[in-house]
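Down below is the structure, laid out as structure tokens.
The values are calculated or read from the model by the stated rules, or taken from the named source; none is laboratory data. Bear in mind that the values here come from a model prediction, so they are computed numbers and not experimental data. Every residue, glycine as well, gets a Cβ built from its backbone with ideal geometry; the counts of neighbours run over all protein chains shown.
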Amino acid sequence: MSAETNVTTPPAAAARVQPALPDLKDWRFSVDTEGIAWAVFDREGESANALGRRPLEELMAIVEATEQGARTGRIKGLVLLSGKDRSYIVGADIREFEQFETEAQVIEAIGPVNAMLDRIEKMPVPVVAAIHGACVGGGFELILACHYRIATRDDSTRVGFPEVKLGIFPGFNGTARSIRQAGALAAMQNMLTGSMIRATAARGLGYIDELVAKPTNLRWAARKAVLQRRRALPAKGTKALAAKWPARGFLAGKIRQETAKKAREAHYPAPFRLIDLFEKQGGNYAGLKAAETKAFAPLMVSDTSRNLRRVFRLSEQLKGQAPKGSSFKPTRVHVIGAGTMGADIAGWCVASGMEVTLQDLKPELIENGIKAQAKLFARKFKTKATRDAAKARLIADQAGAGIARADVVIEAIVEKLEVKQALFKELEAKLKPGAVMATNTSSLQIEDIAAPLADPGRLVGIHFFNPVAQMPLVEVIRGRQSRDDEVGKAASFVTAIDKFPLIVKSAPGFLVNRVLAPYMMAAMSRVDKGESKDKIDEAARAFGMPMGPIELADTVGLDVCAHVGRILGLQGDTSKLDAMIAAGKLGKKSGRGFYVWKDGKPEKTAGTWNKSELELLGRDLVAPLVDEAQKALAEGIVESADLVDAGVIFGTGFAPFRGGPLHYKSSRSARAVAAE
Ligand code: NAI
């Protein structure tokens, strides 16, 4: 059922709606006998409404028809609705961004859209947006050009500007219009963080004017808004003052400082260009609109934005690893082992709506594991009722009563082959038919664990990363013996808990640890030879890694690093590392490793290093990682180069703006060829 059929047409007009503009493909347009024009966006052949070229052209036809109807008095107002159930408008169509090669092309494409939005704004009759579901990016910019905005209170109804995540900022004059509606402080924050704002909060900020309970109330409320010629008011008082000089200069300076703490300008220029734009033009509505396009165009064609768009496409590819239309719909999970990983896996599954039973050898271990999830639940669930419901879904189960009911059973016990083998032998007979049977092992081979089983084809790996709540990737390990449908179900489960699945062949280190290990080992051996650990870590961060390799080694634990190194058969002198471990210097967890750790943070020595030297060092440091990624591809560890890049970006945080290790390598070689 479409949202449109869900929506009540005002009874007086119901029987007398006249279709207009019958040739539209992506919109439906009709004018009722009260003179209200209804435009329903329902993009043909797509599950969501993106503002691509054709829908924008059709919207232009709707705008023209409304202008004409307003002139003759036939049309009293226009209402914009969505025909999709789950979302309103998901933004501009980013698939079309790739056609732009020059700034001039970008400017040429944006011009008519912005002119159309101006015509909406100047329409002599009210234009009302009636919103249910996500309304983001270009969609948000479109509704900001309307005169009045009504939204459902539903949790799925959110507005936001995710553009910075793609290396750009709003380009359909959303910078000027958001500042006008919400004031500079809130609008700048919203554009710089890209966060999604719930309808109630959006009303408080001034983006939304009226809330209704359900989608079925939207048409009636919109009709009233048109007939009463309601209009949103711009931000007033102190909210409006922030855009005026000298407050604007002060605010720009402050947010520049805050932004610099989170992102480097050299890596992510978009937020900084947005702050510049605001500082120069923020007090002048028309000036800001014009300057926005000029500042937007170079970002759109930059390598950074191209690569961030690539990362977005890669995330979609990862989600596509789960089979389409699968009938496997997991709701119950049983986790065995309530240690570091098991407890957090259980907590994450609960936070994603699953019911979870958690098993360990002793009740206090389970209790500790459950207690440790309070932080996650507090972050994920804002009301006491939802938090309590989450707690009730996480059930201590020392006896393993949940095994027979679970759709997915995940083992996260000690990393010992015989112990895991014995556990699975016992488990196998208890699982219900069709349930997924998985191990979270990080270093054993799936086929070895499965060897004694009656049905070894059933076992797969579901390899989470630490910390579970922060790492978006989960490797789904296909053992030599794993059946395809089991691998597919495991990938479906991973998407059901809002993580990105990457199907990986069972081989030492799988993909992520395999590429990380030589990178970290090489960095550690540089320190052994006397290079500065602080300089090494800074060089890696300057390259774009989220954390330097030495700090990462300390965070993971030096004992774990040595273990992984051994499994992967990494050569080299590890005597210094072994001596540190023997002396109890295990890294963050023991308070001492390469760094001394205080309150969970390493004590660093500030240094001033030459920028180009750091740049060179950064490239040298990641070289072993890039080479290993290439080898993993050649060995068919994952299916394609794109999936290698996706896995490394989402599994290690590898500089997203560089588009992944293999993409980075090939673009460097292409540049070198071009320079010859
Ligand atoms: P941990 O030592 O923190 O927890 C293991 C838990 O399993 C302990 O609470 C222990 O009492 C329990 N346990 C042992 N035998 C059991 C049995 N027969 N039945 C029920 N419970 C049992 O270990 P951690 O770090 O959580 O690792 C668990 C698994 O996850 C290992 O296979 C490890 O390789 C893997 N892994 C670990 C990562 C990490 O960063 N710690 C990352 C990814 C995977």
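Things to note:
- Residue within segment 313-326 that is within 16 Å of the ligand (Cβ to nearest atom), touching a residue at least 24 places away in the same chain (Cβ under 8 Å) and in a helix (DSSP H, G or I) present: no
- Within segment 172-213, tally of residues that are more than 13 Å from ARG149 (Cα to Cα), aliphatic (A, V, I, L, M), in contact with a helix residue (DSSP H, G or I) (Cβ under 8 Å, 6 or more places away or on another chain) and in a helix (DSSP H, G or I): 10
- Of the residues making up segment 134-151, just one is surrounded by fewer than 24 Cβ atoms within 10 Å (Cβ to Cβ) and not hydrophobic (A, V, I, L, M, F, W, C), namely HIS147.
- Within segment 654-667, residues that are in contact (Cβ under 8 Å) with a residue 12 or more places away in the chain and in a helix (DSSP H, G or I) reach partners that are crowded, with 20+ Cβ neighbours inside 10 Å and charged (D, E, K, R) with beta carbons closer than 6 Å, at six or more positions or on different chains, in the pairs LEU662/ASP645; HIS663/ASP645; TYR664/ARG658.
- Test result for ARG514, free of Cβ contacts under 8 Å to residues at least 12 places away in the same chain and either within 15 Å of the ligand (Cβ to nearest atom) or within 26 Å of the chain's Cα centre (by Cα) (or both): no
- For segment 206-229, the count of residues that are under 27 Å from the mean Cα position of the chain (by Cα) and closer than 30 Å to ALA266 by Cα is zero.
- Residue check, ASP498 in a loop (DSSP other than H, G, I, E, B), more than 16 Å from the ligand (Cβ to nearest atom), modelled with pLDDT of 95 or more and in contact with a helix residue (DSSP H, G or I) (Cβ under 9 Å, 6 or more places away or on another chain): yes
- Residue that is surrounded by 20 or more Cβ atoms within 10 Å (Cβ to Cβ) and either farther than 27 Å from PRO162 by Cβ or modelled with pLDDT under 95 (or both), where the choices are ARG229, ARG219: ARG219
- Residues of segment 389-401 satisfying the condition of being away from the ligand (no atom under 12 Å from the Cβ) and either among the hydrophobic types (A, V, I, L, M, F, W, C) or buried (at least 23 other Cβ atoms within 10 Å of the Cβ) (or both): ALA389, ALA390, ALA392, LEU394, ILE395, ALA396, ALA401
- Residue that is out of contact with any helix residue (DSSP H, G or I) (no Cβ under 7 Å at 6 or more places or on another chain), surrounded by fewer than 20 Cβ atoms within 10 Å (Cβ to Cβ), closer than 25 Å to GLU635 by Cα and among the basic types (Lys, Arg), where the choices are LYS505, LYS529: LYS505
- Residue that is farthest from ALA496 (Cα to Cα) [pool: residues in segment 331-343 that are near the ligand (Cβ under 6 Å from one of its atoms) and assigned to a helix (DSSP H, G or I)]: THR340
- Condition met for ALA346 (at pLDDT 95 or above, within 16 Å of the ligand (Cβ to nearest atom) and within 18 Å of PHE493 (Cα to Cα)): yes
- If the condition is being among the hydroxyl-bearing types (Ser, Thr, Tyr) and either within 16 Å of the ligand (Cβ to nearest atom) or at positive phi (or both), then segment 349-374 contributes only THR357.
- Listing of helices (runs of 4 or more DSSP H) fully contained in segment 533-610 that carry 3 or more residues being within 33 Å of the chain's Cα centre (by Cα): 533-543, 549-556, 558-567
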